[in-house]
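J.: I have a structure here, written as structure tokens, and I will follow up with some questions on it.
None of the figures in this text is laboratory data; all of them are computed from the coordinates on show. Treat the numbers as computed from the prediction; the structure is a model and nothing was measured. Here the Cβ is made from the backbone with ideal geometry for all residues, glycine too, and neighbour counts use every protein chain on show.
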Amino acid sequence: MKTQPAPVATEATKSDSACVLCGTDFSPSANSAANAAAALAKRLGARLDLLHVAALPTDPRTVEKLEAEAARLRQLGAEVKANVINGLPDEELVARAEARACQLMVVASLGKRATERWVLGSVSERAAERSPVPTLVVRDGASIEAWARGERPLKVFVAFNFTLTSDAALNWVKELQAIGACEVIVGYVDWPPEERTRLGGEGPLPLTGNPAHVQAVLERDLRVRAEGQLGTDSFRVRVEANWGRADVRLAEMAREEGADLVVVGSHQYRGFERMWHGSVSRGLLHGSVTNVVVVPLAAAHERGPSVARPVQRVLVSTDFSSWSNHAIPRAYSFVPRGGTVHLVHVIHPHALPGGEFMQSRHDTAFQGNHEELVKSCAAKLRTLIPAEAEGLGVRTEVTVIEHRDTATGIVQAAERLGADVICIGTHGRTGRLKTLLGSVAQHVMALSERPVLIVRPPRE
């Protein structure tokens, strides 16, 4: 049975919500983490809650040690409230963070449970994986202390992967930038086969690096996503192809950049779920040589949904049928001045003029005839541009896409072009006829991760 917390000192001039929680076991690494926590608490104008968790009933000598540590941290300018409680360190730290609704939890990178429980991970790992608030795992507290005192910028490496957890990490970095100067690098490692599926392409994949067009798309998308979350373009992006573990390469990239802090979002998977999905955050906690902040997805949920950036690029596809062409004016209707409409048409790679079809592209006459078809389709697309488009300040780019599957070609083009919305017309068929003929619009909706606007033709 747990004993009641044994308070050492109380300075409750600040609310419980304005606190930094720090666990200590009085080791040198814990003292370094406490120094960083005290500097951060002072910079934030928050109280430092210093906690020691003892496995056995409270020893008076432990209380004396904690009193001495609290006094030392007060000399650094922090307001400190210290407590000794009984239990398991990671569980009690998480419980305390939940009860106090702290801004940040700070722990040292070292510290284990009993030997027989090492397989469960260190105290810092287990706390970070369960904490409801961002958790700073300190390996080099000096850089954080210097930043908190305003002596230097903090070099922050954000491990990104285009998920909501990564958005949570960037949002936390935005809060960090509001406190002090930060040099931010947003890093992403891609798996080439996945990008080939998403963006399309032909031929063998390179063993090192990305093809130039893939690299350009990834860097563009990363900049757009990061700027949307940070609200500024004062950051660098770094994208690399990677055939191995993402966490290993991200840790290497952070080391190469000389980062003071690695920030990563976490779903906080547990047990079998973590084994199934993997955990980049745990990998970085293991592999990073510097300080790591793990930001839980719950932190993003607490902020509530944010407004998406305004639509700037719309991809609208047509097969030149009347019902398909009805989508074109609609696409232009919600693109603002300065925006772009990508007007596209998909043809089969073996298609020829006049509706002919060739199974092989090795025929000497094929290339010229096929290029003639591409040019005629592009010309036909240009005739469909609304006359008012130029006056509205909306740019138009026409593209003829070559793909064996129309829906896949549309979706891959939207990814390459960075379309905010896909706009596509539908014949509106239902029942057996739809089952027999299928629906390109339906397939696009199933494949695309981008918003899709379906436009039905007007009733006759």
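J.: In terms of Cα to Cα distance under 15 Å, which aspartates and glutamates are near enough to K380, apart from those fewer than 8 places away along the same chain?
T.: Answer for K380, where 15 Å is the Cα cut-off: D319, E371, E372, E397, listed by chain and number.
J.: Follow-up question, since we're still on this one. Using modelled amide H (1.01 Å from N, peptide plane; none on Pro or chain starts), what sits under 5 Å from the amide H of V184, excluding residues fewer than 5 places away?
T.: V156, R236
J.: Okay, next question. Mind pulling up the Rg/Rh value for the range 313-455? Radius of gyration and Kirkwood radius, both on Cα.
T.: 0.98
J.: A further question follows. From Cα pairs below 8 angstrom and at least 6 apart in sequence, can you work out the relative contact order of the range 148-205, rounded to a whole percent?
T.: On the way: 41 pairs, mean separation 25.0, N = 58.
This gives 43 percent for the range 148-205.
J.: What ³J(HN,Hα) values, in whole Hz, does the Karplus curve 6.51 cos²θ - 1.76 cosθ + 1.60 give for the range 74-84 when θ = phi - 60°, with x put for Gly and Pro?
T.: Per residue, the Karplus-derived 3J(HN,Hα) values read 5, 5, 7, x, 8, 8, 10, 10, 10, 8, 10 Hz.
J.: What distance in nm separates the simple spin-label points at K65 and Q442, each placed 7 Å from Cα in the Cβ direction?
T.: Output for this residue pair reads 6.9 nm.
J.: Run the reach check for K42 against aspartates and glutamates, Cα to Cα strictly under 20 Å, same-chain hits fewer than 8 apart removed. What comes back?
T.: The qualifying aspartates and glutamates are E11, D16, E67, E69, E79, D140, E145, E151, E175, D260.
J.: Order by neighbour count: T208, T197, fewest other Cβ atoms within 10 Å first, most last.
T.: Numbers: T208 8, T197 13.
The most exposed by this proxy come first: T208, T197.
J.: With the dipole of the range 153-307 worked out from charges on the C-beta (+1 for Lys and Arg, -1 for Asp and Glu) around the Cα centre, which of Q215, T232, S266 lies farthest toward the positive end?
T.: S266
J.: Give, rounded to the nearest 20 debye, the magnitude of the charge dipole that the range 313-455 has about its Cα centre when Lys and Arg contribute +1 at Cβ and Asp and Glu contribute -1 at Cβ.
T.: Approximately 380 debye in magnitude.
J.: Mind checking which aspartates and glutamates have their C-alpha under 14 Å from K174, skipping anything on the same chain fewer than 8 residues away?
T.: E183, E227, D233
J.: At 7 Å along Cα-to-Cβ for each site, give me the label-to-label distance between I454 and A55 in nm.
T.: 6.0
J.: Can you tell me the FRET efficiency between F26 and L164 if r is taken as the Cβ-Cβ distance and R0 is 35 Å, rounded to the nearest 0.05?
T.: Working: r = 38 Å, r/R0 = 1.09.
Working from the Cβ atoms, E equals 0.40.
J.: Can I ask one more? Provide the per-residue ³J(HN,Hα) series for the range 24-33, in order, calculated from phi with Karplus coefficients 6.51, -1.76, 1.60 and θ = phi - 60°, each as a whole number of Hz, with x at glycine and proline positions.
T.: Running phi through 6.51 cos²θ - 1.76 cosθ + 1.60 with θ = phi - 60° gives 9, 10, 6, 6, x, 5, 5, 5, 5, 5 Hz.
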